[in-house]
Amino acid sequence: MTISIRLTPEEEERLEKLSQRTGRSKSFYVRAALREHLTDLEDAFAADESLGAFEAAGSRSRPLAALKAETEL
């Protein structure tokens, strides 16, 4: 898949310098950054969904000290 993005002059310069310094393509770094950020976004979305389900079920959280006392940890 091919995609076009607009970079600020600063982003373009930083990407170009990194590419030249390492000998890797600019596409390599754009894909790496996208992959990393997508993972972070997916994790955040999953956590938000889980919290919503937890709250919708009427569940309540407890302090760690209380949980340790209940489970004798």
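Anything in segment 1-34 that is modelled with pLDDT of 95 or more and surrounded by fewer than 10 Cβ atoms within 10 Å (Cβ to Cβ)? List them, or say none. Result: R6, T8, P9, E10, R21, G23. Taking the chain and the helices (runs of 4 or more DSSP H) fully enclosed by it, the elements with 3 or more residues that are within 20 Å of the chain's Cα centre (by Cα) and among the acidic types (D, E) are at 26-56. In the set A46, A69, only one residue is surrounded by 10 or more Cβ atoms within 10 Å (Cβ to Cβ) and at pLDDT below 95; that residue is A69.
The values are calculated or read from the model by the stated rules, or taken from the named source; none is laboratory data. Since we're looking at a predicted model, the values are computed, not measured. Because the Cβ atoms are built from the backbone with ideal geometry, glycine has one as well, and the counts that use them run over all protein chains shown.
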